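Have a look at the structure below before the remarks.
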Amino acid sequence: MGTPAPGCNGTVFNILKEGSGAEVAKGATVTVHATGVVKESGKKFWSTKDPGQNPFTYRAGVGQVIKGWDQGLLGMKLGEERQVIIPGAEGYGAAGFPAWGIPPNGTLDFTLEVLKIE
């Protein structure tokens, strides 16, 4: 099942590898490795670990990324890896993201690893 993400109605997470030290808090600048798979099709749509890609940096908890990701990373520690399962309503919604192969209301399965917290 997973642990419910704070402030979400359906997004859950599972800790894959424990981290230590500082935790991701609202407003922190976070750098992560991320791999996203469409749960319905099993197809990877994005990975920062693919050739030519770089880790992704954003401000946590302030709406710069989809809600399930934004809330699902809060509380992660440096070096932690999480699986975050995001239902369509907290992902790309009814529009989906056709360019990435994400269908309307598609469920996203992300593996996220915190590399840096500032």
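The values are calculated or read from the model by the stated rules, or taken from the named source; none is laboratory data. Just so it is clear, the structure is predicted and the values come from calculations on it, not from any experiment. In this analysis, Cβ positions are derived from the backbone assuming ideal geometry, glycine residues included, and neighbour counts consider all displayed protein chains. Heads up: the accessible areas ignore ligands, DNA and RNA and are worked out on the full protein's heavy atoms, side chains in. Shrake-Rupley method; radii C 1.70, N 1.55, O 1.52, S 1.80 Å.
In the stretch 20-74, the qualifying residues are those that are small (Gly, Ala, Ser), assigned to a strand (DSSP E or B) and touching a Lys or Arg at 6+ places or on another chain (Cβ under 8 Å), and the one that is farthest from residue 115 (Cα to Cα) is 36.
Restricting attention to the stretch 92-107, the residues that are of a type outside the set (A, V, I, L, M, F, W, C) and open to solvent by less than 20 Å² (accessible area, probe 1.4 Å) add up to 3.
From the list 79, 27, the lone residue that is on the phi > 0 side of the Ramachandran plot, small (Gly, Ala, Ser) and without any contact (Cβ under 8 Å) to a residue 40 or more places away in the chain is 27.
Give the stretch 76-86 a look and list any residue that's in a loop (DSSP other than H, G, I, E, B) and buried (at least 18 other Cβ atoms within 10 Å of the Cβ), or say none. Answer for the stretch 76-86, where residues must be in a loop (DSSP other than H, G, I, E, B) and buried (at least 18 other Cβ atoms within 10 Å of the Cβ): 76, 80. Checked against the criterion of being in contact (Cβ under 8 Å) with a residue 40 or more places away in the chain, within 16 Å of residue 75 (Cβ to Cβ) and surrounded by 14 or more Cβ atoms within 10 Å (Cβ to Cβ), the candidates 38, 12 yield just one match: 12.
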